[in-house]
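Structure, as structure tokens:
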Amino acid sequence: MLRVTRRSKDKAFCAFFLSALFVSFSLHANAAGTRKLVEEEVLLDPIIVLGESDDVETVATSEVDEELLDRLQATTVPEILDGIPGTDLAGTARAQGQSVNIWGFADQEDVKFLLDGAQKEFEKYRQGTVFIEPQLLKTISLEKGSYSAESFGAFGGTVNMTTKTASDLLKSGQNIGFFSKLGFASNGNEFAKTVAAYGRSEKYGAELIVSATHRKNDNYQLSDDRELPLSAITQPTGFFKGSLERGSHFFEITGAAYYSNDLQPWAAKGTYKVLSDTYPDRKSYEEAISRKSTKRELKDRSLAFKYEFNPDNELINTTFESNYSNTNQHDLRTNINRTYDLLLGGKESWLDYTNYKASFKNAAEFDLFRLEAKLETGLQFSNHMRDVMVHAPKYKDQEDYNHGWLQAPTQPGGKQTIYSAWSALTMNFGNGLQLRPGLRFDYILTEGDPNLGSRYNNPTVGHDYSSVEHSGLSPSFNVLLPLSNNFRVFGDWAYKLRAPLIDEIYDTGTRRATSDQLTVERVNSKRLGFTTSHSSVIQPEDTIKTRFSIFRNDVSNNIHRLYKDNRWLVPSDDYPTYANLKGYYTQGIEAEIYYDSDNFIGSLAFSAGEGKFNGTARNVNFETDQYVSEIAPTKLIATLGYKIPDQDVTFGWKGSFYSGQDRITRSADNKYSATKGYSLFDIFVSWTPTEGRFEDLEARASVGNLLDRKYRNHFSDTYGKSRNYKASLSYKF
């Protein structure tokens, strides 16, 4: 019997951390943009950074800064976001099998990822949605919900990722520098190597950074003492960013590229268990794996340009942005003894996502009826294209399958173009009260690529790949009200739309029509909360910040696969694949508290939610409402740490506690099953000397899943990672 066992762990290493650790809180808040309610600005030790509490636009945002990114030593962006309340990782430990769930919104269209403004998105059956190397990033800012007039769709929220600049790495008076970093994780024998070169000219106002990262790991070990098949991967990435500032003009260009070419499961979020007692040796085990896998080449590229014009005129503060992003995936089945169905990607498949975006925005500041006012107006253009092709040799003799060369009916190609205009007026009443009404208009044109196989391009069944138009207004309103110097109340409301996706309109079957009858999906989103900030509470110069909020999202006309009990919703002779249902709701609470002082740091972050459909996804008139299975379990993340400023050392402990989740309505339509509660513990230590012989050196180490607990994430069908020792060493030259 072949049994993949866990590599031996260094017990002495674990004991060292236990003796060195205190307890740390992991979740949101901390301030690097938070003001002490005296005059000076205070920078809290990073656990999670809260948005500025005196700004209606940022009071509810969360930010992960560079220090915390380095401390986490994460492999993927979803791993980083998993520590924020209301935000959860969905998928397996595989780098290409992860997505993000926010407030129960878990699909690709629900959470928008922006890399220096370039939209990063990918949607394919049970695969990840974003491929970004964390080493590139300076900050990650998370806006939960869709409360800004500037954003389209993204009911769950927007993840804004900002990359590093040369100025972030250069010291005062330094013009040229070099950076190198080596990271290691014991689970999967993961190595990450980064090098960067950068420079600036203060005379010409120019700077440039170029970097490359190479990350490689073997198969990960899971907490059930098994190996996660097909999780080994090699991921080289490259990045550059340059800027030029001349007077009131600022230009910036950013480029990033990601590549992998490894044996992967066709559905990267899948378990792919291979019963070990069936295969007596490694060779037969690997052969069994190969039958379920594909050789997957993935290329991800982005290019972003930004121009800012900010003259000495309060009515003009203009930003123009244009960007391009492309994700290209090529799958090749390596097992020559099997034939694969069209719906499983055939023998070979190609999928190409391309986005072109452009936006213009101006912010004008002026007095309005003795009030300080800022009027923001903007125009946006977005063009998303999907090119799809499958080669399925099993159909080579069938003309209605175009002899095996066609698109998978569930993964159609096409183009979606969005034209948008928006405006928001921020009014400051002088006493701290801020109101921000906003309005946007979107016009969406969607066009399908006719399937090359006549079996899925048959007008008599209702297959119609012609263009479809949608449009609508989306109002929003934000308010910030200070009740004292230390206590502020905030509220947000928005009535946003999202248009049907390409695959929702043009998904077909031999008896299923395209869904050109679909209308826009709407969310009526509300949030109410408060923030507090106090100084010198437990000891001199310390800071305690809290944030509490409740939210509710009422989704109407939700787009969902159409089943026979809902057939009456579409009064037509055709039987479309998708239809607008009667909606659902999600609601929840979030509570965060953060503490920082000269020595102790800590945080507590709590989130809980629930949600139900009107009826069920299969029958909207069913007498019992179905639970929304994408609601995350109740979560509490606690961190406690200790700083030794004289030695530039910080160490700490993090505990993550998850309840069980049994609010699951079992049906073939549900993605998830009930899960048990569990708790995980991590420890970390960092040494970042600021002077002396080791200045510019950073050493960090951590242990994940310290007690080696067996657990399964609610949004995964595999067990989580086993104990993982991590270490990194970096140096600036």
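Laid out as a table, the results:
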quantity	calculated
Efficiency of FRET from Cβ geometry, His403 and Asp352, R₀ 25 Å, rounded to 0.05	0.70
The chain - mean residue ellipticity at 222 nm from DSSP helices (-39,500 (n - 2.57) per run, n ≥ 4, rounded to 500)	-1500 deg cm²/dmol
Too-long pairs where the Cα-Cα distance tops 20 Å, listed order kept, from Lys124/Lys347; Lys612/Lys721; Lys193/Lys269	Lys612/Lys721; Lys193/Lys269
For Arg527, net neighbour charge (Lys/Arg +1, Asp/Glu -1) across residues whose Cβ lies under 10 Å away	+1
Segment 345-430: proportion of alpha-carbon pairs further apart than 14 angstrom, %	73 percent
By average C-beta atoms within 10 angstrom, highest first, the peptides 618-624, 248-254	248-254, 618-624
For segment 53-206: rounded, prolate or oblate by the Cα gyration tensor [a/c cutoff 1.5]	oblate
Calculated diffusion of segment 433-519, Stokes-Einstein form, Kirkwood radius summed over Cα pairs, 4 °C and 1.567 mPa s, µm²/s	80 µm²/s
For segment 249-391, the Rg and Dmax computed from alpha carbons only, in angstrom	25.0, 82
Inter-site label distance for Ala699 and Asn261 at 7 Å from Cα along Cβ, in nm	3.9 nm
Cα-derived Rg to Rh of segment 518-604, Kirkwood definition	1.38
³J(HN,Hα) computed for each position of segment 436-451 - Karplus, 6.51 cos²θ - 1.76 cosθ + 1.60, integer Hz, glycine/proline x	9, x, x, 8, 9, 10, 10, 10, 10, 10, 10, 10, x, 8, x, 5
Inter-label distance, nm, simple model (7 Å from Cα along the C-beta direction), Asp341/Ser167	5.6 nm
Spherically averaged projected area of segment 587-729 from its Cα convex hull (nm²)	10.8 nm²
Under 11 Å, Cβ to Cβ, from Ile84 - net charge with Lys/Arg +1 and Asp/Glu -1	-3
Proximal charge balance of Lys676 [Cβ under 12 Å; K/R count +1, D/E count -1]	+2
Efficiency of FRET from Cβ geometry, Ser679 and Glu623, R₀ 35 Å, rounded to 0.05	0.40
FRET efficiency, 1/(1 + (r/R0)^6) with R0 45 Å, evaluated for Asn383 and Arg291 via beta carbons	0.70
Neighbour-count ranking [beta-carbon atoms within 10 angstrom, fewest first] of Ile601, Ile316, Ile593	Ile316, Ile593, Ile601
Nonlocal amide H pairs with Glu227, under 5 Å, H built at 1.01 Å	Val4, Leu222
Cα-based Kirkwood hydrodynamic radius, segment 301-452, one decimal, Å	19.4 Å
Label point 7 Å beyond Cα of Glu202 along Cβ direction - residues of segment 220-253 with amide nitrogen under 18 Å	243-247
For segment 489-633: span of alpha carbons on each principal axis (Å, largest first)	74, 31, 25
Karplus-derived HN-Hα couplings along segment 153-161 (A = 6.51, B = -1.76, C = 1.60, θ = phi - 60°), whole Hz, x at Gly and Pro	x, 6, 4, x, x, 10, 9, 9, 9
Scattering curve values for segment 11-732, log₁₀ I(q)/I(0), Debye with Cα scatterers, q = 0.06, 0.10 Å⁻¹	-0.36, -1.07
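Quick note: the coordinates plus some simple rules give every number you see, no bench work behind them. Just so it is clear, the model here is predicted, and its values are computed rather than measured. Glycine also receives a Cβ, built like all others from the backbone with ideal geometry; neighbour counts cover every protein chain displayed.
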